[in-house]
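Structure first, commentary second.
The values are calculated or read from the model by the stated rules, or taken from the named source; none is laboratory data. Predicted model only: the values in this text are computed from it and were never measured. Glycine gets a Cβ as well: all are built from the backbone with ideal geometry, and neighbour counts include every protein chain shown.
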Amino acid sequence: MGSYACSIVDILQNHNGHRMYIDFGDYRYGLTMTGEGKPLVCLHGFSESGYTWDGIVVPGYQLIRIDTIGHGDSDIPEDRKAFTIPQMLDDLHTVMTAVAGESYVLMGYSMGARLALLYALDYGEGIEKLILESGSVGIASEVERAQRKLSDDTLAAAIEENGNLWFAEKWSAASIFESQNRLPEGIREKLFRRRAHNSPYALAETLRSSGQGVMPYVGHCLEELQMDGLYISGALDTKYTTIGRELFGPLKSFQHVQIEQAGHNVHLEAPGPFMTAVTEFLYKKG
């Protein structure tokens, strides 16, 4: 845990959950809590927020939906260190310990799955079970990782130059999200607004400091995970389905579930099958 002081600000219930803030002195993390029961911590994807989990219900669990730094209702610190992976993991440990206690389930989607995986490898003692949705293990090749870093830096500069609306349109048009074109217009509009809500500076710093170009490769460390895990992928997302099948499927402590007719964001595109997969995993015996 960092050396700074931490305090909790509790906000009244609203229609999207019970809102709270965790203060770190110079900046704060925002989060919402929905449901009742055991703690299930949820981490969202890049340019999203905790509200991406609206509509996701897991019987017997309270969803603690954290906005990562620079996203949603969390602050946008001037100190760029706050956007780095080591600092984010340290902050998340403080938040989870303060709100979820010493034992909880951890679930992450896309960027949130990357953070959840790295967190589980560093702070795994508090995690009862780990759920990863469309998550990367990093890029093994140093050359390819450097190329991705260059690509992320180029996109970061373009976001700063063109603004958040430009980014939201460009990100929505990415091939990995093509299957989302089939979603109802209302859901797509909410998704677009969450993406467009972000600060260009925060998006750029997230790409530069915690994007896939700087994420360490941990594909060779998966056997070190001490908890049972579930990896969920959409059948239409062949890249992450391959990761789930080839890297997580063989692990004794993990299972891989492929959701048909869904792409990268399974919980948004197929919420029913997603919730069924999560619930069955959490309540399985043995």
- Being within 19 Å of Thr279 (Cα to Cα), of a type in the set (Asp, Glu) and either surrounded by fewer than 23 Cβ atoms within 10 Å (Cβ to Cβ) or within 20 Å of the chain's Cα centre (by Cα) (or both) narrows it down to one of Asp237, Asp228, so name that one. Asp228
- Query: Which residue out of Leu165, Leu130, Leu155 is farther than 30 Å from Glu224 by Cβ and surrounded by 14 or more Cβ atoms within 10 Å (Cβ to Cβ)?
  - Reply: Leu155
- Task: Only residues that are of a type in the set (Ser, Thr, Tyr) and either assigned to a loop (DSSP other than H, G, I, E, B) or touching a strand residue (DSSP E or B) at 6+ places or on another chain (Cβ under 8 Å) (or both): list them for region 121-148, please.
- Result: Ser134, Ser136, Ser141
- Message: Please determine whether any residue of region 108-120 is of a type in the set (Gly, Ala, Ser), touching a strand residue (DSSP E or B) at 6+ places or on another chain (Cβ under 9 Å), surrounded by fewer than 20 Cβ atoms within 10 Å (Cβ to Cβ) and assigned to a loop (DSSP other than H, G, I, E, B).
- Response: no
- Query: Within the group Val214, Val257, which residue is in a loop (DSSP other than H, G, I, E, B) and at pLDDT 95 or above?
  - Reply: Val214
- Query: Is there a residue in region 261-279 that is of a type in the set (D, E, K, R), surrounded by 15 or more Cβ atoms within 10 Å (Cβ to Cβ), out of contact with any His (no Cβ under 8 Å at 6 or more places or on another chain) and touching a residue at least 12 places away in the same chain (Cβ under 8 Å)?
  - Reply: yes
- How many residues are aliphatic (A, V, I, L, M) and in contact (Cβ under 8 Å) with a residue 40 or more places away in the chain when one looks only at region 168-182? 2
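Rundown of residues vs (1) β-branched (Val, Ile, Thr); (2) closer than 29 Å to Leu251 by Cα; (3) in contact with a Gly (Cβ under 7 Å, 6 or more places away or on another chain), yes/no style:
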| position | (1), (2), (3) |
| --- | --- |
| Asp122 | no, yes, no |
| Ile127 | yes, yes, no |
| Glu142 | no, yes, no |
| Ala146 | no, yes, no |
| Asn164 | no, no, no |
- Message: Can you report the number of residues in region 48-98 which are of a type in the set (D, E, K, R), under 15 Å from the mean Cα position of the chain (by Cα) and closer than 22 Å to Gly126 by Cα?
- Response: 3
